[in-house]
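Quick notes on the structure that follows.
Just so you know, all these numbers are worked out from the coordinates, no wet-lab data involved. Fair warning: this is a prediction, and the values are worked out from it, not measured in the lab. Cβ placement follows ideal geometry from the backbone for every residue including glycine, while neighbour counts extend to all protein chains displayed.
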Amino acid sequence: MRSAVALELLATPGEVSGVRRALGSYGIDVQLCASELVTNVIRHVGEGVPVTVRVWPEEGGRVRLGVTDPGPRALPVLVAVAGAEAESGRGLALLDALAVRWGVEQEAAGRKTVWCELFTDVETIAVTAADTPNTPERPGRRRRSAGALGLPSARS
């Protein structure tokens with residue numbers, strides 16, 4: 001059974017690969033979403049800001065990923081379509097395609113957490129929903145993603 005992981009780091013490009021390595025046992029979907037969220041912090045809040053990356057098992061075979069940063073005004077925006085020549089704009093679209101649900105929590109201390117829930121092959125443990133926001137599930141997102149099962153993903 002896997003336990004929760006909490007990583008404290010400074011948001012730098014070099015740390016993104018370290019986050020992926022540290023979360024390898026949670027599967028490629030969790031690694032991809034974590035690296036996209038940390039990259040968004042670097043791009044929109046600033047390089048070198050303190051970041052906390054947390055991953056923990058949820059009920060029903062899900063994993064919850066949260067990336068907390070000190071930029072409460074730099075909220076993520078899902079871009080409808082990034083053009084073929086665009087150099088950015090696909091990170092949240094990837095997260096949106098993989099996640100069962102995702103959102104943003106504003107904290108009183110001037111921080112925010114961008115979170116998502118994903119299906120994965122991680123063994124589940126009994127958890128309480130006391131700290132989980134009551135947000136609706138997205139239709140059609142109830143099955144494990146192909147990436148979490150070690151298969152090539154058909155979603156794009």
With label points set 7 Å from each Cα along the Cα-to-Cβ direction at E59 and S3, the distance between them in nm comes to 2.4 nm
Using 0.36 nm per residue, how much length does the chain from L10 to R111 gain when fully extended, once their Cα-Cα distance is taken away? 34.9 nm
Gain on full stretching of the segment that runs from V104 to R43 - 0.36 nm per residue minus C-alpha separation: 20.2 nm
Spelling out what I want: for every residue of the range 51-60, take phi, set θ = phi - 60°, compute 6.51 cos²θ - 1.76 cosθ + 1.60 (Karplus), and round to whole Hz; glycine and proline get x. 9, 10, 10, 10, 9, 8, x, 10, 5, x
With θ set to phi - 60° and the Karplus curve 6.51 cos²θ - 1.76 cosθ + 1.60, what are the ³J(HN,Hα) couplings of the range 28-40 in order, to the nearest whole Hz, using x for Gly and Pro? 5, 5, 5, 4, 4, 5, 4, 5, 5, 5, 5, 4, 5
